[in-house]
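Just so it is clear, none of the values below were taken in a lab; they were calculated from the coordinates. Keep in mind it's a predicted model, so treat the numbers as computed, not measured. In this analysis, Cβ positions are derived from the backbone assuming ideal geometry, glycine residues included, and neighbour counts consider all displayed protein chains.
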Amino acid sequence: VQLQASGGGLVQAGGSRRLSCAASGLTFSNYNVAWFRQGPGKEREFVAAVSWSGGSTYYADSVTGRFTISRDNAKNTVYLQMNSLKPEDTAVYYCAAPQHPLSRFPPREYYYWGQGTQVTVSS
């Protein structure tokens, strides 16, 4: 199983960025997927999750109203659209999936992790 995060880069405060998480090695459409992030000197934190069908989403308070998670099961890809970015959004962003398909949402635990993509927001 591989989760490949991409789309990171340098963006100015107030700007937008879209991250992608491409999955392989699993029946992607059966898995809930989430984004996490880890800022400099901080612990990893939950950002957003989308259910296997795409019908349910869940967000951290810090990104609600600014970030949107979505998925395209035909492309085995989950997206994180980030708008109104702030310097405190600077972090390495990871996508993750639980071990088992068709599991509860949002998941309690995550088993598969991507390698991370760096997002830097300049003020």
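For this structure, a couple of remarks:
- Strands (runs of 3 or more DSSP E) wholly inside segment 8-123 containing at least 1 residues that are acidic (Asp, Glu) and surrounded by fewer than 17 Cβ atoms within 10 Å (Cβ to Cβ): 45-50, 67-72
- Of all residues in segment 30-46, none satisfies being without any contact (Cβ under 8 Å) to a residue 24 or more places away in the chain and of a type in the set (Lys, Arg).
- Contacts under 8 angstrom Cβ, first residue in segment 98-109 being within 14 Å of residue 28 (Cβ to Cβ), partner aliphatic (A, V, I, L, M), 6 or more apart: 101/26
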